[in-house]
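**Q** Below: one structure in structure tokens.
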Amino acid sequence: MLTCTAPVHQPRSLDEAIACRAIHPFATVLAGGTDIMVYLEAGSLKPSSLLDLWKVDALRGITVQADGVRIGALTTWTDIAREARMPAALRDCARTVGALQIQNRGTVGGNIVNASPAGDSLPMWLVLDAVFEVRSWHGTRRIPAAEFWRGYKRMDLAADELLVGVHVPAVSGDVRYRKVGTRLAQAISKVVLGLRVATVDGLVTEARVAFGSVGPTPARATAVEHALVGRALSPETVDNAVAALQIAPLDDIRSTADYRNDVARRILRAELLALARG
Amino acid sequence: MPVNFTLNGRGVSVEATPMARLLDVLREDLRCTGPKEGCGEGECGACTVLVDGRAVNSCLIPVIQVEGATILTVEGLATDGRLHPVQEAFVRCGAAQCGICTPGFLVTARALLDENPHPSREEAREALAGNLCRCTGYQKIIDAVCEAIVPVGTAGC
Ligand SMILES: Cc1cc2nc3c(=O)[nH]c(=O)nc-3n(C[C@H](O)[C@H](O)[C@H](O)COP(=O)(O)OP(=O)(O)OC[C@H]3O[C@@H](n4cnc5c(N)ncnc54)[C@H](O)[C@@H]3O)c2cc1C
Ligand code: FES
Ligand code: FES
């Protein structure tokens, strides 16, 4: 039995939601609730009021634009998994968030702003060069994913701002997603990897490598990227790229630092070799 | 506040606090006790109901979010006194032991078959991955769902 009696503001339009956020900057934003409801149930969150976005349909949906795809913040993982125009690796990622019941309710915006280091989609936004669109009464800001997460659960989002959408530009290369947890479904990641490699005439022209669950924020492994660019994706290049990986994971309830160090290198190697084989 | 929605084909109006869990409103206020509480944190699927046709964990849904929605629980699966094919298959296959997980599995399976009448065994497993069975009768549960699959080429039931 949940006994949260806090008042809930429930705007119906985007303008109303933005105005509501300006008036109630300390209200807890509620989207699909798959993180919030767990915190409420556990007693770790005691909101004075909530701002429920669920009825703001303008925040839902996927639109294909000339320069990429725009995803509304309230779009669910099921919506992403079913959208054929999405990068296949992002659809794979959507299908590993919890299980069907969670995917039917959990949203893209909730995963991004919950900002768990284990949030499965976060490395994907990094490798896709995604840009987050945040809005307040004062206007709209566009923040590259690579600049959004500043520290453990700290991000570039002011109290009066809402995340309204994610822009995924049309990027080149092959994109891969790999998650390691205790089972396929309903498991929080021990290590999660996003990867994008573009080649021209056999040489790597662009590389993006990002890990989740191995540090306080999801982060790009830029040293690995540097070790790939300008080279052919040979076994030697892969060895050097894996050797360049610098992460400092922690022991926690889900895994150990040793395991994470080992597995991060193994999956990076496996995915790069798979790309090399084409 | 009053919240209105359709429950198993019937319009209902219930007085509840906005953040009350749909699970509690169904069980305590509406005496619709098919959905069970296993974990209360989205892990087990015992509380699964269909909201506008999609399987969701009712323990994670504040009731304010289902205003105007159409909700189906296991109580609404049978029509005119006839069990849904997936319920019949569960009976035939012996897919229930203690039965606590069964209402959740049944509605999740119903959502799957409504959308994809011919899922593969693998697809059925993936769709049901968010439903846990403490008695671990998974093989018979998957067998039952597969038995309820309409063979390709025949008219639906
Ligand atoms: C059983 C279970 C399994 C799970 N498995 C996974 C998993 O495998 N991988 C994974 O990554 N996650 C997992 N999750 C976590 C969760 O489902 C996801 O993070 C989901 O995407 C959250 O979305 P939501 O809409 O439900 O967020 P909510 O709970 O509604 O909100 C989450 C946070 O984001 C904020 N917020 C939401 N939307 C906005 C917005 N538009 N603007 C500003 N702030 C906003 C909220 O204030 C809150 O802090 C799991 C959760 C459960 C209960
Ligand atoms: S009680 Fe809701 S998922 Fe377990
Ligand atoms: S039959 Fe007992 S939990 Fe599944």
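The values are calculated or read from the model by the stated rules, or taken from the named source; none is laboratory data. Because the structure is predicted, anything quoted here is derived from the model rather than measured. Methodologically, a virtual Cβ is constructed for each residue, glycine included, from the backbone with ideal geometry; neighbour enumeration extends over all protein chains shown. Quick note on the areas: whole protein, heavy atoms, side chains included, nothing else; ligands and nucleic acids left out. Shrake-Rupley method; radii C 1.70, N 1.55, O 1.52, S 1.80 Å.
**Q** Scanning region B:8-23 for residues that are among the charged types (D, E, K, R) and within 14 Å of another protein chain (Cβ to nearest Cβ), which turns out surrounded by the most Cβ atoms within 10 Å (Cβ to Cβ)? Walk me through it before giving the result.
**A** Taking region B:8-23 first, the residues among the charged types (D, E, K, R) are B:10, B:15, B:21.
Applying the additional criterion that residues be within 14 Å of another protein chain (Cβ to nearest Cβ) yields B:15, B:21.
Values: B:Glu15: 10, B:Arg21: 27.
This residue is B:Arg21.
**Q** In addition: With respect to B:Arg134, determine if the residue is more than 14 Å from ligand 3 (Cβ to nearest atom) and of a type in the set (Lys, Arg). Spell out the reasoning first.
**A** Details: more than 14 Å from ligand 3 (Cβ to nearest atom): no; of a type in the set (Lys, Arg): yes.
When the stated conditions are applied, B:Arg134 does not pass them.
**Q** Restricting attention to region A:1-33, and to residues there that are in contact with a Cys (Cβ under 9 Å, 6 or more places away or on another chain) and aliphatic (A, V, I, L, M), which single residue is surrounded by the most Cβ atoms within 10 Å (Cβ to Cβ)?
**A** The selected residue is A:Ala27.
**Q** What are the pairs with Cβ atoms under 9 angstrom where one residue, in region B:111-139, is among the acidic types (Asp, Glu) and the other, located anywhere, is in a helix (DSSP H, G or I) and more than 16 Å from ligand 2 (Cβ to nearest atom)? Sequence gap at least six, or different chains.
**A** B:Glu123/B:Leu112
**Q** Inspect region B:124-138 for any residue being on the phi > 0 side of the Ramachandran plot, open to solvent by less than 50 Å² (accessible area, probe 1.4 Å) and in a loop (DSSP other than H, G, I, E, B) and give the result as yes or no.
**A** Checked against the condition, which is being on the phi > 0 side of the Ramachandran plot, open to solvent by less than 50 Å² (accessible area, probe 1.4 Å) and in a loop (DSSP other than H, G, I, E, B), region B:124-138 yields no hits at all.
**Q** Would you list the helices (runs of 4 or more DSSP H) that sit entirely within region A:18-104 and hold 1 or more residues that are more than 18 Å from the chain's Cα centre (by Cα) and acidic (Asp, Glu)? Before the answer, list the steps.
**A** Details: elements: A:36-42, A:77-82, A:88-94, A:100-103.
Answer list for region A:18-104: A:36-42.
**Q** Given the conditions (1) farther than 18 Å from B:Glu43 by Cβ; (2) part of a helix (DSSP H, G or I), and given that B:Ile141 satisfies all but one, which numbered condition is not satisfied?
**A** Failed condition: (1).
**Q** Name the residue that is least open to solvent (accessible area, probe 1.4 Å), counting only residues in region A:151-189 that are β-branched (Val, Ile, Thr) and assigned to a loop (DSSP other than H, G, I, E, B). Break it down stepwise before answering.
**A** Our first condition is that a residue be β-branched (Val, Ile, Thr); within region A:151-189, this holds for A:164, A:166, A:168, A:171, A:175, A:180, A:182, A:188.
Among the residues that remain, those that are also assigned to a loop (DSSP other than H, G, I, E, B) are: A:171, A:182, A:188.
Working: A:Val171: 51, A:Thr182: 113, A:Ile188: 95 Å².
Among residues in region A:151-189 that are β-branched (Val, Ile, Thr) and assigned to a loop (DSSP other than H, G, I, E, B), the one least open to solvent (accessible area, probe 1.4 Å) is A:Val171.
**Q** Within the set of pairs 6+ apart or on separate chains, which have a first residue in region B:41-56 that is within 7 Å of chain A (Cβ to nearest Cβ) and more than 6 Å from ligand 2 (Cβ to nearest atom), a second that is assigned to a strand (DSSP E or B) and of a type outside the set (Val, Ile, Thr), and C-beta atoms under 6 Å apart?
**A** Cβ pairs passing all conditions: B:Thr48/B:Ala55.
**Q** Criterion first (of a type in the set (Val, Ile, Thr), more than 13 Å from chain A (Cβ to nearest Cβ), open to solvent by less than 70 Å² (accessible area, probe 1.4 Å) and over 26 Å from B:Asn4 (Cα atoms)) does B:Thr73 satisfy it? Write out each step before concluding.
**A** Values: of a type in the set (Val, Ile, Thr): yes; more than 13 Å from chain A (Cβ to nearest Cβ): yes; open to solvent by less than 70 Å² (accessible area, probe 1.4 Å): yes; over 26 Å from B:Asn4 (Cα atoms): no.
So B:Thr73 fails the test.
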